[in-house]
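What follows is one structure encoded as structure tokens, with my remarks underneath.
The values are calculated or read from the model by the stated rules, or taken from the named source; none is laboratory data. Model, not experiment: these values are computed from the prediction. For neighbour counting, all protein chains shown are included, and Cβ atoms are generated from backbone atoms with ideal geometry for every residue, glycine included.
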Amino acid sequence: MDHAAPLPADPATRCLARRAASAMVLLGATGCLGSNASFTFDAGVHLPSIDGSLGLSNTTLTDLDEIDLSSELSLDDADVAPLPRAELDFGFLDLAAWGFTTEASGRGTATADFGDITAGSDVESDLALSMVQLRVLGDVIDSGPFQLGVGLAAQWVDVQLDVHEIVFGLDESIDVQQAVPLLAARATFDLGELDLLPLSFELSAAGVKLSYADIDGALLDVEALVRWRFGLFGLFAGWRHLLVQIDGEASGQAFDGDVTLSGVVAGLTLRF
């Protein structure tokens, strides 16, 4: 059985960040930014680990038990995810786009019923997560080395779990695809503004808690980075933590999920 969130997948939405990044690159390359604007492109990777649980019942009246993704389904080790990001900074206004996709596979034992798959069954599982975010920030503090921007973001969330029962060949899945509006903020402290070191520290966060139709959910995306600049180029490294919580009813089934994706991010930067 499948579950899909109310808003269907839109191929145009999936590549929106890539198109936005391409437009930003074109603007930067053609000199359309203006004298006070800058363009930054990050070519990074994300090394995530997965934690949390997901549950699926046969009906909306059936008790819902969750299955642990790491200890029971062995889905804790996710693939390394390329993490491209493009940003246009106009001084008072900042536009950014990023996205990544990662997958994990594992084999384990279901300790709770999962749809028609009964507790105690040996299962093979595949988990795929894709995230794309577009963000707009406006500066509220710009004082020497410290900057604080607040604004809005839109994040495309795609979480799919496929579980295959090995003995009888039963298949169950949860497929959540949703565009989510977020409140966003970013704080930076640049030691270069103090003529000390070409280092800057950056903390970004975006999140929301909302209800839509028969679905309740929350999303929190936090990233802490250290950046080192040398001319047009630079390096960055840090930590990203993503939390997705969702529960509700659809297609006559109840579902519940609490998925955490966290790990190191690092890469190269081009800025002009």
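Would you mind finding the one in V176, V226 that is free of Cβ contacts under 8 Å to residues at least 60 places away in the same chain, in contact with a Gly (Cβ under 9 Å, 6 or more places away or on another chain) and part of a strand (DSSP E or B)?
V226
Scanning the range 69-87 for residues that are surrounded by fewer than 20 Cβ atoms within 10 Å (Cβ to Cβ) and at pLDDT 90 or above, which turns out nearest to V176 (Cα to Cα)?
For the range 69-87, the residue satisfying everything is D79.
I need a count of the residues in the range 202-241 that are at pLDDT 95 or above and out of contact with any His (no Cβ under 8 Å at 6 or more places or on another chain).
19
Assuming T118 fulfils every condition listed in (1) out of contact with any helix residue (DSSP H, G or I) (no Cβ under 8 Å at 6 or more places or on another chain); (2) surrounded by fewer than 15 Cβ atoms within 10 Å (Cβ to Cβ); (3) at positive phi; (4) not aliphatic (A, V, I, L, M) apart from one, which condition is it?
(3)
Identify all residues within the range 184-209 that are loosely packed, with under 13 Cβ neighbours inside 10 Å and assigned to a strand (DSSP E or B); write none if there are none.
Once the filter is applied, which keeps residues that are loosely packed, with under 13 Cβ neighbours inside 10 Å and assigned to a strand (DSSP E or B), the range 184-209 yields only K209.
On the given criteria, is G257 farther than 21 Å from L134 by Cα and surrounded by fewer than 14 Cβ atoms within 10 Å (Cβ to Cβ)?
Answer is no for this residue.
Out of the range 128-178, which residues are surrounded by fewer than 17 Cβ atoms within 10 Å (Cβ to Cβ) and farther than 25 Å from T118 by Cβ?
V136, G138, V140, I141, D142, S143, G144, P145, F146, L148, V150, L152
Assess whether L232 counts as being among the hydrophobic types (A, V, I, L, M, F, W, C) and surrounded by fewer than 16 Cβ atoms within 10 Å (Cβ to Cβ).
Yes; evaluated as a whole, the condition is true for this residue.
Among the residues in the range 153-165, are any under 23 Å from V226 (Cα atoms), part of a strand (DSSP E or B) and modelled with pLDDT of 95 or more?
Scanning the range 153-165 turns up at least one residue that is under 23 Å from V226 (Cα atoms), part of a strand (DSSP E or B) and modelled with pLDDT of 95 or more.
Have a look at P198, P145 and point out the one that is free of Cβ contacts under 8 Å to residues at least 40 places away in the same chain and in contact with a helix residue (DSSP H, G or I) (Cβ under 8 Å, 6 or more places away or on another chain).
P198
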